[in-house]
Structure formats: C-alpha cells, structure tokens
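What follows is a set of notes on a single structure, which appears directly below.
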Amino acid sequence: MPHFSYEDGVLYAEHTPLTDIAEQFGTPTYVYSKAALTENYSAYADACRKYGRGESGALICYSVKSNSNLAVLNLLQQCGSGFDIVSGGELLRVLAAGGSASKVIFSGVGKTADEMRLALSHNILCFNVESIPELHRLNEIAGQMGKPAPVSLRINPNVDAKTHPYISTGLKENKFGIAYEEALATYRIAAVLPHIRVVGIDCHIGSQLLDDAPLLEALDKLIELIDALEQEGIAIHHLDIGGGIGIPYEGGDSVPVGDYLARLFAKIDEWRRLKHGASPIQVMFEPGRSITGNAGVLLTEIQYLKHGAEKNFAIVDAAMNDLIRPAMYDAWHQVLPVIQHKIPAETYDVVGPVCESSDWLARERALAIEQGDLLAIMSTGAYGMTMASNYNTRGRAAEVMIDGVNVHLIRKRESPSELFASESIPG
C-alpha cells in the first residue's frame, strides 16, 4: 500500500509513525492517508483528461457508501468529484461536506418518498431508477413538487462479475436494476410519464472487479440498448458504467485505472464513430473502493496472546463491529505489526472481544508479536467505518487523516454514554 511503509522497523502513514497515532488517540482507530486518497482519485481524473474527456465528457461520482466521513468527502469534492449516493442521509453528508447536489446521482433499490422529495428539492443531477414501481412513485412526487425528475434506468445485464456473491449485482437473481429484457419497454414507459425526464442509462455489475472483461461485456449490451432507444426517439445523454474496480487485498499491484478506462473509452469511441458522426455521450463512473480502500488502515492493540492446543489467538481491541468484512464476506486483510520484532513468528488467529465466534479479523497469520503490540489491519479505508456498528455497546472507532507529518482527528471515538443518550426509561 503506497504511503504506508516501514522506517527503522516502525510502520508509518506518510511521514507519521502509527505508534504516535495510538499514543495520541488510542485504539481502535482508522487512519487514512490524504496523499493516497488524492492520488487514487487523480488516477481516474488523469485518465479522463488523457482520453479527451473534460467534465462535460466524463464525470467521476465517488461512491459515498465506501467511506462517508465528511473530511474524505470534502477532500474529494475539492478534487472535482461528483458523488454517487444510496440514501437521503448520504445526500445530506455530501452537502455538509461542501459537495454540489448538481453532481450527485442517487442509486439504490428502495428510495422512499421522503428521500425523493429531499433529492428533488436540492436539484440533484440524476436518479438511477431500479424498478417500474419506483419510476411511477418518482413521477407522482415530481408532479406534486412541480419539478421534472431527471432519470437514468439502472439495467441489470445478467453478466457475471466473477466476484463474491454478496457483492455481485448484475445477475438475474440479484435485487438490483431492471432486467435487460425489460429495459426497452421500461424506457418507453419513462418517456411518456409527464414528470420524468430521461437523461441516461446506468449499469453496475458488482464490486472488487480485477478484470475488465465482464464490464466490457455489459457495455456491449448497453450500447445495443442505446441504439435501440435512439431509433425510437429516446435520447440518452450519459452512459454510467458504475464502479467496482477492485484493490489487491493480498498484495501485488493495483488495477491500472488508466489502462482499464482506456479500453472502455476505445470501445465507446469506436461505437460513436461507426454511427457516422453521432454526438458524443458523457461517461460516468461510480468508484469507491479503488479510491479509499488502500488509503486506510485499522490500528488496533493486542490485549492478550492466548495459546491453545490447536490454535493460537491474538486477541485485539478491534472487533467485528469495527470491521465486519471478514465475518460477512470471509474477507482477507493483510495484518502487519506496527513495530517489527526480531523474535520467532508464530501462527495466530487475530480475533476481537465481541461474544461471537465470527468475531475474527484474520486467520492463520504468521506474526512475530508480543502482548501490548500494535497491529495494522491493512486495506480498510473502504467498507470499514461505514459498516461499523455499536454491537456489545462498543463505541465506534476514532478516525484520523494524515497529511505528511500533520495529523487531523476527523471523527472522535464514541463514548458509551453517547450510545444510550437518546434512550429513555418509561415512567
């Protein structure tokens, strides 16, 4: 992971030793690198510029669900990012962070009437509609408010992303999107609804994509559908190919975003040329994990080393409520000792204090560690804090952003009293 490396046997985030972070803010704590966040976003922006797409030709809409801290959102909006949201709460976060509603797209299968009203009142860029009932509800609410709703239909192309089944979203059995076979008929409905304005088409087949072949297969289907729509007089102004580019959790090189986008742009450009001067189409992206995932680590302290007959356990103060991915997805995260010891390594399961057998962060890792040491759970900048909970009345971790030698607390640790402050006892 760039910007997280050892110096004299101590793990640093940029130019700051993680030992200093633990001493100042305690553990568990999420630690993010500002430089990594900026560079990861720039990989998309630079590729768009390289292939002749200014903001009118391409728009990067960061997926807020991957990491929604206000400081992260503010940094990305300063870089020029738009935002992909999946709730009204995420829209309010974007606005609080200084983001522009005019660069917000609203995805998700279960938008409520109140969320639709909120988004329309702020004049968001587009709703990614995922069902016919949602389309009718949005039309009704837009009519009540006297504001046409800009709409893109999310198409489910039945393409296998070849990733974990819990994060695959483009197959027929998934809840997401409108089936490809029903897409043309649904666009016809949308085109005649009085308070709906069709502006685009959307597709997102899943997360943690390390190969672009499934995405290019889905793109072929979208191109075919856009051509059919244009023959019926339904103009599509933007093509949203979603997000999903993965990160190397087990080491190795990151997916080269520039090469990935080059192949996608080449296919789109060739298609438009074959249409003999067809107008350019704006391309949208919804990256999340590829921007934040390898920009953050979860810092935790070993409470006990427990040696058993069949397994050894490193019991830490972080738990499944801080990082649910291993319990939910059987996800693999690299674990590094913050201080390197010259002692023999032993094999440990890294586990937390929560009263569940699924409360583990890593299994069967060779670690040279001692009680009281710090560990860094790597590649946790995405779907770490955003999926955290207060199970066992555990306050959620602190969050810190590193900028060289400067350290910024961007979310304080929750106290137990804050967790039950909104509760009351009858009588």
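Quick notes on this one:
- In summary, the helical segments of the chain meeting the span-like criteria, namely a full DSSP H run, a Cα extent along the axis of 18 angstrom or more and a mean Kyte-Doolittle hydropathy of at least -0.5, are 132-145, 180-192, 213-231, 257-274.
- Computing FRET efficiency as 1/(1 + (r/R0)^6) for ARG188 and HIS136, where r is the C-beta to C-beta distance and R0 is 22 Å, gives about 0.95.
- Extended-chain gain in nm, criterion 0.36 nm per residue less alpha-carbon gap, VAL405 and TYR391: 1.6 nm
- If R0 is taken as 51 Å, the Cβ-Cβ distance between HIS237 and LYS311 corresponds to a FRET efficiency of 0.35.
- For LYS342, the aspartates and glutamates whose Cα falls under 18 Å of its own Cα, not counting residues fewer than eight places away in the same chain, are GLU7, ASP8, GLU370, ASP373.
- Approximating the spin labels as points 7 Å out from Cα along Cα→Cβ, the ALA366-to-ARG197 distance works out to 6.2 nm.
- In a DSSP loop and with at most 15 other Cβ atoms within 10 Å, the trypsin sites (Lys or Arg not before Pro) in region 240-308 are LYS275.
- Charged side chains reduced to their Cβ positions (Lys and Arg at +1, Asp and Glu at -1) give region 34-290 a dipole of some 660 debye around its Cα centre.
- Within region 237-337, GluC sites (Glu not before Pro) in DSSP loop having at most 16 other beta-carbon neighbours inside 10 Å: GLU250, GLU310
- In range of the label at ALA262: residues from region 15-46 whose backbone nitrogen is under 16 Å from the point 7 Å along Cα→Cβ: 43-46
- Links that overshoot a 27 Å alpha carbon limit, given the list LYS65/LYS412; LYS34/LYS111; LYS111/LYS275: LYS34/LYS111; LYS111/LYS275
- For ARG197, residues with placed amide H under 5 Å, excluding near neighbours: ALA149, VAL151
- Estimated from the Cβ-Cβ distance and a Förster radius of 35 angstrom, the FRET efficiency linking ASP114 and GLU23 is about 0.20.
Throughout, read-outs are computed from the coordinates displayed, never taken from laboratory work. Note that the structure is predicted; figures quoted are calculated from it, not measured. In this analysis, Cβ positions are derived from the backbone assuming ideal geometry, glycine residues included, and neighbour counts consider all displayed protein chains.
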